[in-house]
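**Student:** The structure that follows is given in the form of structure tokens.
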Amino acid sequence: RKNLALFSPQQVELAKVLLEMNQSHLFEHWPEPGVEDDEKRAFFDQVARLNASYPGGLASYIKTARELLADSKAGKNPYEGFTPSVPSGEILTFADDNFIRYEEAGVREARKAAFVLVAGGLGERLGYNGIKVALPLESTTGTCFLQHYIESILALQETSRRLAQGEGPTEIPLAIMTSDDTHSRTLELLEKNAYFGMKPSQVKLLKQEKVACLDDNDARLAVDPNNKYRIQTKPHGHGDVHSLLYSSGLLKEWLGAGRKWVLFFQDTNGLLFKAIPASLGVSATNGYHVNSLAVPRKAKEAIGGITKLTHKDGRTMVINVEYNQLDPLLRATGNPDGDVNCETGYSPFPGNINQLILEVGPYLEELSKTGGAIKEFVNPKYKDSTKTAFKSSTRLECMMQDYPKTLPPSARVGFTVMDPWLAYAPVKNNPEDAAKVPKGNPYHSATSGEMAIYRANSLILRKAGVKVDDPVQAVFNGQEVDVWPCIVWKPKWGLTFSEVKSKVSGNCSITGKSTIALKGQSIYLEDLALDGALIIDAVDGAEVKVGGSVQNAGWTIESVDFKDTSVPEEVRIRGFRINKVEQLEKAYKEPGKYSVKP
Ligand code: UGB
């Protein structure tokens, strides 16, 4: 009270809110006026930020925290009254007629899309020191995830624009959710690389704020151990993306500009854009308000399961059940074996890859009611079974895939299951943890993430009629992987199967030791027999026909030990490097017609 004169009326209001919410301990150690006044004011700056960035403000945060902490103490099951069952959704098979139809529909819709990348996470499981979007998705070209994502969106934009013949919006916007942990490094990466070819005005960065930590079951806010004038904060989770899109006005802007779809995606999945056109086609064709992308899931794999939940009162919803909750939920509802594979070798519950496609209109309508608030959870680590004290402070968390939880039963919520090799290869686990993954389950490491790119591209070219040798097995960083030829291409070379197919003709073959990098839109493979390394770079407007027999010593893959700190971190986490022995390399910098025929 003695300090009150130091503060603005808004700051006094915030102090009142805190006192009303039983948070007087925050001021207990404050000295007399005149001592550390700037620090006291800085404390209120932080409180104002915490208050403004949470739907309903701090009072609402504390109230929800008390309720959730009481439920947690009582051991309340969040799925009380619900029985899980396997939902039905759209199951796609790469390159069949149905898939091609959906791809065509998706590409047509793409010009009405907006993309949202959630990249605020530190990636604690991976333990990489940089930001994850700066990691190369493969080391043949060294392209990083962010570059690949932007180039994929631009390729989609170009193809969609051509199909629409200039009608409707032409630029596909990209929003990136960052956090204090990733914001400046993400911006720097974009600026240093001229936004990887996207217009800077096309990209919007939305920074998520952390939320206040809680010290006890009464939701007393935790004082930062390093500064008594700060509240300790921790990340709130990827669910923040909804309130940010709403409060920033971006969603409204997108709807006003005629956008129909928002596509959410995560920081490290190098395969994702191969699945985007077809799944957007599914959304458009089936009129889904919510479409979650999924892949067959191995039991106990650390990805959530898409589940149909039926309540005793008849309510149903199709929702992600997070990987640590699926097994207990199944056991508690008459499935004593819990989360196990069925006769297909996979869990019957499709695996959530956290790629969501939402229809903008109904999405904005829903957020206008909720302000973007997503159902939260709390996960305190208790000191003992009395559940009265925590080992360390906790906080509320939320997940973006929980958005459908507040939707009315009339909402059209669906999902699309893709071939696992086509759609999902995240880089989430560090080498030591990946090596411990049960045999047959995906590693989700930098090693498997890169190998999955080569496998998918090999399988796509096979479908397009190219003879590609079988893979060989190798072990890197303790993980057994299939090594396919290192085949990579820029998204503009072929984002859909039809595009890839249109660029390949005659009898083409690629041997197991080969590498091919196609960096240009109009590169055509005609009767190419490749046994070695071939790199073609062509500007837009340069049409290059590549054929005949290309043979050289090629590029080899050399093992690297992840403990060898003399090797850069992004190389050693994958356990190998590429040794560029010999290659045929051609670059075409001027438009024109060219032919490579050694
Ligand atoms: N992220 C943020 O932007 N902000 C945050 O505060 C936290 C994360 P993780 P997680 O695909 O395998 C999810 O940590 O949360 C971003 C799904 O919940 O990589 O353990 C972060 O930058 C799960 O159902 O994953 O698990 C990253 O881009 C399953 O689908 C993204 O959010 C799993 O992903 C995901 O964060 C999966």
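The values are calculated or read from the model by the stated rules, or taken from the named source; none is laboratory data. The structure displayed is predicted, hence computed values, not measured ones. Cβ atoms come from the backbone with ideal geometry, glycine included; neighbour counts cover every protein chain shown.
**Student:** Kindly indicate which of 501, 513 is among the charged types (D, E, K, R) and under 29 Å from the mean Cα position of the chain (by Cα).
**Tutor:** Working: 513 fails: under 29 Å from the mean Cα position of the chain (by Cα).
Result of the check over 501, 513: 501.
**Student:** I've got another one for you. Just name the residue that is surrounded by the most Cβ atoms within 10 Å (Cβ to Cβ) out of those in region 163-190 that are more than 18 Å from residue 267 (Cα to Cα) and not β-branched (Val, Ile, Thr). Please lay out each step first, then the result.
**Tutor:** Restricting attention to region 163-190, the residues satisfying the condition of being more than 18 Å from residue 267 (Cα to Cα) are 163-172.
The next check asks that each one be not β-branched (Val, Ile, Thr); those that pass are 163-169, 171.
On the way: 163: 14, 164: 17, 165: 7, 166: 7, 167: 9, 168: 14, 169: 19, 171: 16.
Result: 169.
**Student:** OK, next. What is the number of the single condition among (1) among the small types (Gly, Ala, Ser); (2) surrounded by fewer than 18 Cβ atoms within 10 Å (Cβ to Cβ); (3) touching a Ser or Thr at 6+ places or on another chain (Cβ under 9 Å) that residue 292 does not meet?
**Tutor:** Every condition holds for residue 292 apart from (2).
**Student:** For residues that are of a type in the set (Ser, Thr, Tyr) and away from the ligand (no atom under 15 Å from the Cβ), scanning just region 315-345, find the one that is nearest to residue 278 (Cα to Cα). Talk me through it step by step, then tell me what you get.
**Tutor:** Initially, region 315-345 is screened for residues of a type in the set (Ser, Thr, Tyr), giving 316, 323, 333, 344.
Imposing the further condition that a residue be away from the ligand (no atom under 15 Å from the Cβ) reduces the set to 316, 333, 344.
Numbers: 316: 27, 333: 35, 344: 24 Å.
Result: 344.
**Student:** Let me ask something else. Restricting to region 374-398, name every residue that is out of contact with any Phe, Trp or Tyr (no Cβ under 7 Å at 6 or more places or on another chain), surrounded by 20 or more Cβ atoms within 10 Å (Cβ to Cβ) and under 27 Å from residue 279 (Cα atoms).
**Tutor:** 398 - this is the single residue of region 374-398 that is out of contact with any Phe, Trp or Tyr (no Cβ under 7 Å at 6 or more places or on another chain), surrounded by 20 or more Cβ atoms within 10 Å (Cβ to Cβ) and under 27 Å from residue 279 (Cα atoms).
**Student:** Restricting attention to region 42-56, report how many residues are surrounded by 16 or more Cβ atoms within 10 Å (Cβ to Cβ) and of a type outside the set (S, T, N, Q).
**Tutor:** Going through region 42-56, the residues surrounded by 16 or more Cβ atoms within 10 Å (Cβ to Cβ) turn out to be 43-44, 46-48, 50-51, 53-55.
Of the ones still in play, those that are also of a type outside the set (S, T, N, Q) are 43-44, 47-48, 50, 54-55.
The number of residues fulfilling the criteria is 7.
**Student:** Restrict the check to region 491-499 and report whether at least one residue is in contact with an Asp or Glu (Cβ under 8 Å, 6 or more places away or on another chain), without any contact (Cβ under 8 Å) to a residue 12 or more places away in the chain, farther than 20 Å from residue 143 by Cβ and surrounded by fewer than 23 Cβ atoms within 10 Å (Cβ to Cβ).
**Tutor:** We begin by selecting, within region 491-499, every residue in contact with an Asp or Glu (Cβ under 8 Å, 6 or more places away or on another chain); these are 491-493, 496-498.
Subset that is without any contact (Cβ under 8 Å) to a residue 12 or more places away in the chain: none.
No.
**Student:** Given 327, 337, which one is surrounded by fewer than 22 Cβ atoms within 10 Å (Cβ to Cβ) and either part of a helix (DSSP H, G or I) or at pLDDT 95 or above (or both)? Lay out the reasoning, then the answer.
**Tutor:** On the way: 337 fails: either part of a helix (DSSP H, G or I) or at pLDDT 95 or above (or both).
None of the other options fit; the residue is 327.
**Student:** In the set 257, 212, 222, which member is farther than 20 Å from residue 404 by Cβ, more than 13 Å from the ligand (Cβ to nearest atom), of a type outside the set (Asp, Glu) and touching a helix residue (DSSP H, G or I) at 6+ places or on another chain (Cβ under 6 Å)? Full working, then the answer.
**Tutor:** Numbers: 257 fails: touching a helix residue (DSSP H, G or I) at 6+ places or on another chain (Cβ under 6 Å); 222 fails: touching a helix residue (DSSP H, G or I) at 6+ places or on another chain (Cβ under 6 Å).
Result of the check over 257, 212, 222: 212.
**Student:** Output yes when any residue across region 106-129 is closer than 27 Å to residue 209 by Cβ and charged (D, E, K, R), and no when none is.
**Tutor:** yes
**Student:** Another one. Quick check: anything in region 354-376 in a helix (DSSP H, G or I), within 22 Å of residue 84 (Cα to Cα) and away from the ligand (no atom under 16 Å from the Cβ)?
**Tutor:** Going through region 354-376, the residues in a helix (DSSP H, G or I) turn out to be 360-370.
From what is left, the residues that are within 22 Å of residue 84 (Cα to Cα) are none.
No: zero hits.
**Student:** When residues of region 438-474 are filtered for being touching a residue at least 60 places away in the same chain (Cβ under 8 Å) and farther than 20 Å from residue 529 by Cβ, how many remain?
**Tutor:** Looking only at that region, the number is 14.
**Student:** Follow-up question, since we're still on this one. If we keep just the residues of region 88-146 that are within 16 Å of the ligand (Cβ to nearest atom) and surrounded by fewer than 18 Cβ atoms within 10 Å (Cβ to Cβ), which is nearest to residue 234 (Cα to Cα)? Step through it out loud before you land on a result.
**Tutor:** Of all residues in region 88-146, those within 16 Å of the ligand (Cβ to nearest atom) come to 89, 115-135, 137, 144-146.
Okay, now just the ones that are also surrounded by fewer than 18 Cβ atoms within 10 Å (Cβ to Cβ), so 122, 124-125, 127, 129-130.
Details: 122: 12, 124: 13, 125: 16, 127: 17, 129: 18, 130: 19 Å.
That would be 122.
**Student:** May I pose another question? What pairs can you find where one residue is in region 316-338 and touching a residue at least 40 places away in the same chain (Cβ under 8 Å), the other is assigned to a helix (DSSP H, G or I) and buried (at least 18 other Cβ atoms within 10 Å of the Cβ), and their Cβ atoms are less than 7 Å apart, with a gap of 6+ or different chains?
**Tutor:** Every condition considered, the pairs that remain are 317/404; 319/404; 320/401; 321/329.
**Student:** When you scan region 177-294 for strands (runs of 3 or more DSSP E) that lie fully inside it, which ones turn up with 2 or more residues that are within 18 Å of residue 111 (Cβ to Cβ) and not charged (D, E, K, R)? Outline the logic, then answer.
**Tutor:** Values: elements: 203-208, 214-216, 261-265.
Because the criterion is at least 2 residues that are within 18 Å of residue 111 (Cβ to Cβ) and not charged (D, E, K, R), the strands (runs of 3 or more DSSP E) in region 177-294 that meet it are 261-265.
**Student:** Which one of these is modelled with pLDDT of 95 or more, surrounded by 24 or more Cβ atoms within 10 Å (Cβ to Cβ) and hydrophobic (A, V, I, L, M, F, W, C): 264, 196?
**Tutor:** Numbers: 196 fails: surrounded by 24 or more Cβ atoms within 10 Å (Cβ to Cβ).
Selected residue: 264, the only one of 264, 196 that is modelled with pLDDT of 95 or more, surrounded by 24 or more Cβ atoms within 10 Å (Cβ to Cβ) and hydrophobic (A, V, I, L, M, F, W, C).
**Student:** I'd like to check something: does region 164-176 contain any residue that is over 23 Å from residue 573 (Cβ atoms), assigned to a helix (DSSP H, G or I) and either among the charged types (D, E, K, R) or out of contact with any His (no Cβ under 7 Å at 6 or more places or on another chain) (or both)?
**Tutor:** Checking region 164-176: at least one residue is over 23 Å from residue 573 (Cβ atoms), assigned to a helix (DSSP H, G or I) and either among the charged types (D, E, K, R) or out of contact with any His (no Cβ under 7 Å at 6 or more places or on another chain) (or both).
**Student:** Can you tell me which residues in region 285-314 are in contact with a Leu (Cβ under 8 Å, 6 or more places away or on another chain) and more than 12 Å from the ligand (Cβ to nearest atom)?
**Tutor:** Selection gives 289, 290, 291.
**Student:** Which of the residues that make up region 474-499 are β-branched (Val, Ile, Thr) and either more than 24 Å from residue 555 (Cα to Cα) or modelled with pLDDT under 95 (or both)? Talk me through it step by step, then tell me what you get.
**Tutor:** Residues of region 474-499 that are β-branched (Val, Ile, Thr), as a first pass: 475, 481, 483, 487-488, 496.
The answer is 496, and nothing else.
**Student:** Hey, can you tell me all the residues within region 132-163 that are β-branched (Val, Ile, Thr) and either at pLDDT 95 or above or part of a loop (DSSP other than H, G, I, E, B) (or both)?
**Tutor:** Of region 132-163, the ones β-branched (Val, Ile, Thr) are 133, 140-141, 143, 150, 153, 159.
Listed by number, the residues that qualify are 133, 140, 141, 143, 150, 153.
**Student:** Right, next: With the structure loaded, tell me whether residue 404 is within 16 Å of the ligand (Cβ to nearest atom) and at pLDDT below 95 or whether it fails that test.
**Tutor:** Details: within 16 Å of the ligand (Cβ to nearest atom): yes; at pLDDT below 95: yes.
Yes.
**Student:** Name the residue that is nearest to residue 209 (Cα to Cα), counting only residues in region 11-48 that are assigned to a loop (DSSP other than H, G, I, E, B) and aliphatic (A, V, I, L, M).
**Tutor:** From region 11-48, those assigned to a loop (DSSP other than H, G, I, E, B) are 21-23, 28-36; that's our starting set.
Checking the rest, the ones that are also aliphatic (A, V, I, L, M) come to 21, 35.
Details: 21: 21, 35: 29 Å.
Ranking the qualifying residues of region 11-48, first place goes to 21.
**Student:** Give, as residue ranges, the helices (runs of 4 or more DSSP H) completely inside region 420-475 that count at least 1 residues that are out of contact with any Cys (no Cβ under 7 Å at 6 or more places or on another chain), hydroxyl-bearing (Ser, Thr, Tyr) and within 13 Å of the ligand (Cβ to nearest atom).
**Tutor:** Output list reads 446-463.
**Student:** With respect to residue 484, is the statement that it is closer than 26 Å to residue 108 by Cα, surrounded by 21 or more Cβ atoms within 10 Å (Cβ to Cβ) and aromatic (Phe, Trp, Tyr) true? Show your work before the answer.
**Tutor:** Details: closer than 26 Å to residue 108 by Cα: no; surrounded by 21 or more Cβ atoms within 10 Å (Cβ to Cβ): yes; aromatic (Phe, Trp, Tyr): yes.
The answer is no for residue 484.
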